[in-house]
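In what follows, a structure is listed as structure tokens, so that the remarks can point back to it.
The numbers here are math on the coordinates, done by the rules we state, and not lab data. Everything numeric here is computed off the predicted structure, so don't read it as measured data. Every residue, glycine among them, receives a Cβ derived from its backbone with ideal geometry; neighbour counts consider all protein chains shown.
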Amino acid sequence: MPEAGAEAYGARDAKAGTAAQAADPGVLLIVTEAYRHGKAIGGWNGADQLLETAGITPGDPGIALEEDATAVVGAVAAALAEHRARDRFPPAA
């Protein structure tokens, strides 16, 4: 999982954690809600582990995971042009 940001302060941001600790439940909620609503999701530096923890397949439509942050921004911008990743949820038969 992504490590805490440089601005995290242990005494104030107890849930910031490190890669060895469990993901923050608030972060998981935000990511799963974005996924459920078909929104574009992008990440790098271990974000695939966070998605898997949330029960999300990293290769699903509208999800951009790259090693390079610039590539992620470009892929998310392209996905945002579609508003929602409708291919993520095929119509019921």
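Tell me, what does the Kirkwood hydrodynamic radius of segment 25-84 come to in angstroms if you use every pair of distinct C-alpha atoms?
Numbers: mean 1/r = 0.0876 Å⁻¹.
Radius from the Kirkwood sum: 11.4 Å.
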Problem - Dipole moment magnitude, nearest 20 debye, segment 25-84 about Cα centre, only Lys, Arg, Asp, Glu C-beta charged - result: 280 debye
Problem - Label-point gap, in nm, between Ala93 and Ala69 - each point 7 angstrom along Cα→Cβ - result: 4.5 nm
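For a quick protection proxy, order the peptides 48-54, 67-73 by their average other-Cβ count within 10 Å, most packed first. Kindly include the intermediate steps, with their values, before the conclusion.
On the way: 48-54: 16.9, 67-73: 12.1.
Result, highest mean Cβ count within 10 Å first: 48-54, 67-73.
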Completion exercise
With label points set 7 Å from each Cα along the Cα-to-Cβ direction at Thr53 and Glu82, the distance between them in nm comes to 2.7 nm
